[in-house]
1. I'm checking a number: the convex hull volume of the Cα atoms of region B:38-84, normalised per residue, in Å³. What is it?
2. Under a point-charge model restricted to the Cβ atoms of Lys and Arg (+1) and Asp and Glu (-1), what is the dipole moment magnitude of the protein assembly as shown relative to its Cα centre, in debye to the nearest 20?
3. Amide H to amide H under 5 Å from B:D75: which residues, 5+ apart in sequence or cross-chain, H placed 1.01 Å off N in plane?
4. Taking only Cα atoms of chain A, what ratio of Rg to Rh do you get with Rh as the Kirkwood inverse-distance radius?
5. Which value at 222 nm does chain A reach when only helices count, each DSSP H run of 4 or more adding -39,500 (n - 2.57), with the total divided by all residues and rounded to the nearest 500 deg cm²/dmol?
6. Taking the rotation that carries A onto B, look along its axis and tell me which residue of A has the beta carbon nearest to it, distance in whole angstrom.
7. Which FRET efficiency, nearest 0.05, do B:T100 and A:A65 yield, Cβ-Cβ r, R0 30 Å?
8. Given Cβ point charges of +1 (Lys, Arg) and -1 (Asp, Glu) and nothing else, what value in debye, to the nearest 20, does the dipole of chain A about its Cα centre take?
Protein chains: 2
Amino acid sequence: MLPDVAVEDLRFDVRGLLPAVVQQHDTGEVLMVAWMDAESLQRTRELGETVFYSRSRDELWHKGATSGNTQRVVDLRVDCDADTVLVLVDQGGDGVACHTGERSCFHRRLPLRRSAPS
Amino acid sequence: MLPDVAVEDLRFDVRGLLPAVVQQHDTGEVLMVAWMDAESLQRTRELGETVFYSRSRDELWHKGATSGNTQRVVDLRVDCDADTVLVLVDQGGDGVACHTGERSCFHRRLPLRRSAPS
């Protein structure tokens, strides 16, 4: 049984935002990372679906409202610093989280680079 | 086979940082979220262990250098916007990522709140 955190204890950044990591609850896939302000977090909790804050459009964004790829919220976790949330979801619609049509936004690799032998 | 991203294509924020989500590669546990600048990312890739940028101390931070709880990097993923990295690791040491002694920094819950019936 995990201890609860109150929303008042969350530490939003200077812009009033915190990063939200979205993870498929049963497979563990990290689907995307987006941002939430206090209002989008409140709407996420009330609606039971993810609502984010779009930094580029400066507005709330109900994920999947147009595409149908909504994310049903199964659980919300808060980290030790209370400045990041982990949103456990069931990815709905076509099962696609990324606007590119990929399951996860993290569908590209950055190669590891080893130091050249001296 | 995932396509590669070049480090030059990453989009660091105005502070020169990007969020790094750290996930245990085999179990899918999200262990923590920290920040990387270009130098900590380069050191992470070369060392094969996570190196972060500490915003509070304004310095690089080799995770586990003092505690022994280093994180061996298995893979690095980049999201569609190229402004967030997902670091797949094998959590070493005592298997503990959080400074509180918990396995994951996300060990607390934020309860969902349903609207009161009207």
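1. Convex hull volume per residue, Cα atoms: 85 Å³.
2. Dipole magnitude for the protein assembly as shown comes out near 40 debye.
3. Excluding prolines and chain starts, which carry no amide H, the hits are B:L88.
4. Using Cα coordinates only, the ratio equals 1.04.
5. -2500 deg cm²/dmol
6. That would be A:G28, 1, residue then distance in Å.
7. 0.20
8. Magnitude of the dipole: close to 720 debye.
Quick note: the coordinates plus some simple rules give every number you see, no bench work behind them. Note that the structure is predicted; figures quoted are calculated from it, not measured. As a convention, Cβ positions derive from the backbone with ideal geometry for all residues, glycine included, and neighbour counts pool all protein chains shown.
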